[in-house]
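Working notes, structure below.
Just so it is clear, none of the values below were taken in a lab; they were calculated from the coordinates. This one's a predicted model, so the numbers in the text were calculated from it and none came from an experiment.
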Amino acid sequence: PSKYCPRRNGIFSDPDPAVCTRFYTCIKGLHTVTDCTSGLHFDEQTGICNWPEQVARSGCEEDKMAACTNNGAFCCTGERVINAAGVELPHPTYINPDDCQKFYVCLNGQTPQESSCSLGQVYNELTTMCDFPENVPECKGWYKDHPEFAEYYYEDTNLGSDSGTEDTPA
């Protein structure tokens with residue numbers, strides 16, 4: 001057992017009970033740290049991040065990312081971010097909660113820089129890369145819901161309805 005891994009294998013909340021937005025995945029006693037998406041808390045019962053009102057935890061400090069605003073603008077917290085491979089990210093990225101096409105890069109963890117995916121793509125927080133909307137469940141249909149981008153939205157309404165017509169040689 002260690003500070004972050006009370007058992008060799010499993011998913012565990014932060015040892016500080018006031019830190020509800022972070023958890024540790026332990027495999028053979030080695031841990032990787034994961035931060036929940038801004039506004040969510042780690043649920044010890046289910047092992048996933050969820051809305052605070054759905055998580056039975058008390059004494060949580062305010063989510064620094066959610067609390068970090070400058071007249072409504074995004075700002076970086078300066079906290080260390082470590083990816084699933086255990087590598088510290090010098091310039092962590094965060095999705096723009098209001099626009100699936102945009103995201104923020106925290107230069108040196110401090111200075112926010114708004115960035116944007118190419119038209120037709122959205123930011124995938126899991127891969128930290130731009131991706132197609134159908135690969136990002138929370139952004140699926142995002143272009144459809146924004147008329148100014150309608151030309152970039154395609155929905156295959158013909159799925160599963162192939163008539164089975166066979167081509168015949170001429």
Calculate, in nm to one decimal, what Asn108 and Ala18 gain on full extension: separation in residues at 0.36 nm each, minus their alpha carbon distance. 29.8 nm
Dimensionless Rg ratio for region 1-67, taking C-alpha atoms and the 2.2 N^0.38 Å reference: 1.06
Taking placed amide H atoms and a strict 5 Å upper bound, the residues 5 or more places from Val81 or on another chain that come that close are Leu89
